[in-house]
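Please read the structure below before turning to the comments.
The values are calculated or read from the model by the stated rules, or taken from the named source; none is laboratory data. Only a predicted model underlies this, so the values are computations on that prediction, with no experimental measurement involved. Because the Cβ atoms are built from the backbone with ideal geometry, glycine has one as well, and the counts that use them run over all protein chains shown. All accessible areas refer to the heavy atoms of the entire protein, side chains included, with ligands and DNA or RNA removed. Shrake-Rupley method; radii C 1.70, N 1.55, O 1.52, S 1.80 Å.
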Amino acid sequence: MTNSTKKPPVWFWIVSILALVWNGMGVIAYLARAFATEEMIAALPEEQQVEFLTEYPAWYTAAFAIAVFAGIFGCLALLLRKKWAYSLFIISTIGAIIQHAYLFMNVDMPSLVMPVMIIVVCVFLIWFAKNATTKGWIS
């Protein structure tokens, strides 16, 4: 394997770390949903209990898992300066689009801000990884 010869600027590292934190919160949200017990759900406010008690199809849960785990591995790849971050971000974005398309069509959401922001961040990370590869910061 060859290492990149060009040193990335400081803002590359800042964006990569912020992206890792962002995707880490996604992983936490997924794990909280996947492993919530009845006692944990009962302790939540009523409006949040409804969210946890909603049954989603298995493919939705799979899309959610793919989106968050491909995203966090993509961020780790960025920090390791590996160009396969780009592919992982594409996979993450596809998972997020599938997940949120289901939500947009089937769930009455009070606000679209967060779902739209998630898609925008996913698309940004694809561009960011491609740009970093083009500039030789990752290889």
**Report entry** Residue pairs meeting the criteria (Cβ under 6 Å; at least 6 apart or on separate chains; first within 14 Å of Ala62 (Cα to Cα) and hydroxyl-bearing (Ser, Thr, Tyr), in region 97-109; second modelled with pLDDT under 95 and buried (at least 16 other Cβ atoms within 10 Å of the Cβ))
**Finding:** Tyr102/Tyr60
Report summary line: Exactly one of Ile66, Ile28, Ile72 is closer than 30 Å to Lys135 by Cα and open to solvent by 50 Å² or more (accessible area, probe 1.4 Å), and that residue is Ile66
Query raised in the report: Scanning region 3-45 for residues that are of a type outside the set (A, V, I, L, M, F, W, C) and touching a helix residue (DSSP H, G or I) at 6+ places or on another chain (Cβ under 8 Å), which turns out modelled with the lowest pLDDT?
Result: Arg33
Report task. Check region 115-133 and report whether any residue there is more than 18 Å from the chain's Cα centre (by Cα) and outside any helix (DSSP H, G or I). Result -> no
Query - Every residue from region 8-45 that is over 22 Å from Phe104 (Cα atoms), among the polar types (S, T, N, Q) and in a helix (DSSP H, G or I) - result: Ser16
Query raised in the report: Which condition breaks for Thr133 when tested against (1) more than 20 Å from Tyr30 (Cα to Cα); (2) at pLDDT below 95; (3) of a type in the set (Val, Ile, Thr)?
Result: (2)
Report task. Give me the pairs, please: first residue somewhere in region 5-34 and closer than 19 Å to Leu80 by Cβ, second residue anywhere and among the aliphatic types (A, V, I, L, M) and surrounded by fewer than 17 Cβ atoms within 10 Å (Cβ to Cβ), beta-carbon distance under 8 Å, and either six or more positions apart or on two chains. Result -> Trp13/Leu79; Ser16/Leu79; Ile17/Leu79; Leu20/Leu76; Leu20/Leu79
Requested in this report: Within region 104-125, track down each residue that is surrounded by 16 or more Cβ atoms within 10 Å (Cβ to Cβ) and either over 23 Å from Ile14 (Cβ atoms) or among the basic types (Lys, Arg) (or both).
Outcome: Pro115
Requested in this report: Within region 85-99, track down each residue that is open to solvent by 10 Å² or more (accessible area, probe 1.4 Å) and either of a type in the set (A, V, I, L, M) or touching a Pro at 6+ places or on another chain (Cβ under 8 Å) (or both).
Outcome: Leu88, Ile90, Ile91, Ile94, Ile97, Ile98
Query - Failed item, numbered, when Glu46 is tested on (1) within 21 Å of the chain's Cα centre (by Cα); (2) open to solvent by 60 Å² or more (accessible area, probe 1.4 Å) - result: (1)
Report task. Could you tell me whether region 46-62 includes any residue that is in a helix (DSSP H, G or I), β-branched (Val, Ile, Thr), modelled with pLDDT of 85 or more and touching a helix residue (DSSP H, G or I) at 6+ places or on another chain (Cβ under 8 Å)? Result -> yes
